[in-house]
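Worksheet for the structure shown next.
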Amino acid sequence: MVLNLKVSKLSFLLALVFASCSTPEITVAQELREQVEITTPIFTVLYSETKEQPITLTYKSTNRPKNVDRGSMNFYTEDEYHTSDNADYYRNIYDKGHLAPAATFSDSRENLKQTFSYLNCALQDQYLNRGEWRLLEEQERKWDDESDLTVKIDLVWDEGFIILPTGGHVPTDMIKHIYFEKTGSWKCFEFENVKPTKGWEEHEVIHNHE
C-alpha cells in the first residue's frame, strides 16, 4: 500500500514537470488575401484584405418598397474577413461610403443591415459620397422604376494612391457600370475620389461591354 502511494505520488510529480515544460501554444496571424470573392444575399464582392477595400462589387437595383429606416445602424466587421474598420475613417476626409446603397435595400431590416458590412464600405471622399455619388444613386432608384438594373462598381488604385497609417488603401477612382436589363443598354460613370467639380451627368463615359 505504501509502495503504491509512493508510485502514485511520483507519477503526479512527473506529470507536473512535463506540463510545465510543454511548448506554449503559438498563435499564427492569418495571411491576408489579395482577392477573395464573397457572395451575400444582396451583393457579390471581390475583396482585397491587403488593401482593406472592395475591388469590385455588384448588386441589383429593383423597385423595392421602403419599409425600414437605418436608424442607429453602424458598420460592422466580419469575423471571416480582414476589412477596414472604424479607425480607417477617424478624423479624416473619407466617409464610410456604401457601394450597394442603404436606401436601395431598405425593403427589409435584414437587407438594410447587410449594406452596413465593411465588405460593402469604401474609403470615399466625403464630398463625393454626399454629393454627386449620392445623386447618381438617387437617379438609379428612378431608373429602376422602369427597368431592373445590375450595377457593378470598380475601385481603382492608380500610381501615388494613399495608404493610411491604419492600413486602408484609398482608391483613386470609382467606376460605376449600370446595365438596364429591359433594354440591354449600359450607362457608365467614372469619378475621381476627390471633391467633385461637376455634376454626375458629366461623369458619364462610354465603355465597351461586348
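For residue 78, state whether it is closer than 30 Å to residue 138 by Cβ, at pLDDT 95 or above and touching a His at 6+ places or on another chain (Cβ under 7 Å).
In short, no.
Which of the residues that make up the stretch 169-210 are over 18 Å from residue 127 (Cβ atoms) and of a type in the set (Gly, Ala, Ser)?
Hits for the stretch 169-210 are 184, 185.
Report yes if some residue within the stretch 57-77 is of a type in the set (Asp, Glu) and under 26 Å from residue 181 (Cα atoms); otherwise report no.
No, the stretch 57-77 contains no residue that is of a type in the set (Asp, Glu) and under 26 Å from residue 181 (Cα atoms).
Considering only residues that are surrounded by 12 or more Cβ atoms within 10 Å (Cβ to Cβ), out of contact with any strand residue (DSSP E or B) (no Cβ under 8 Å at 6 or more places or on another chain) and among the β-branched types (Val, Ile, Thr), which ones fall in the stretch 158-200?
Listed by number, the list holds a single entry, 166.
If you go through the stretch 38-47 one residue at a time, do you hit one that is touching a strand residue (DSSP E or B) at 6+ places or on another chain (Cβ under 8 Å), at pLDDT 95 or above and more than 28 Å from residue 143 (Cβ to Cβ)?
There is no residue in the stretch 38-47 that is touching a strand residue (DSSP E or B) at 6+ places or on another chain (Cβ under 8 Å), at pLDDT 95 or above and more than 28 Å from residue 143 (Cβ to Cβ).
From (1) among the small types (Gly, Ala, Ser); (2) buried (at least 20 other Cβ atoms within 10 Å of the Cβ); (3) part of a loop (DSSP other than H, G, I, E, B), pick out the condition that doesn't hold for residue 122.
Checking residue 122 against (1) among the small types (Gly, Ala, Ser); (2) buried (at least 20 other Cβ atoms within 10 Å of the Cβ); (3) part of a loop (DSSP other than H, G, I, E, B), the one that fails is (3).
Quick one: which strands (runs of 3 or more DSSP E) sit completely within the stretch 40-110 and have at least 1 residues that are hydrophobic (A, V, I, L, M, F, W, C), touching a residue at least 24 places away in the same chain (Cβ under 8 Å) and surrounded by fewer than 17 Cβ atoms within 10 Å (Cβ to Cβ)?
none
Residue-wise test of (1) within 30 Å of residue 90 (Cβ to Cβ); (2) modelled with pLDDT of 95 or more.
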position: 165; (1), (2): yes, yes
position: 170; (1), (2): yes, yes
position: 173; (1), (2): yes, yes
position: 180; (1), (2): no, yes
position: 186; (1), (2): no, yes
position: 190; (1), (2): yes, yes
position: 209; (1), (2): no, no
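Which of the residues spanning the stretch 177-191 are in a strand (DSSP E or B) and either free of Cβ contacts under 8 Å to residues at least 24 places away in the same chain or within 19 Å of residue 145 (Cα to Cα) (or both)?
Matches in the stretch 177-191: 177, 178, 179, 180, 185, 186, 187, 188, 190.
The values are calculated or read from the model by the stated rules, or taken from the named source; none is laboratory data. Remember, predicted model here, so these are calculated numbers, not experimental data. Neighbour counts run over all protein chains shown; Cβ positions are idealised from the backbone, glycine included.
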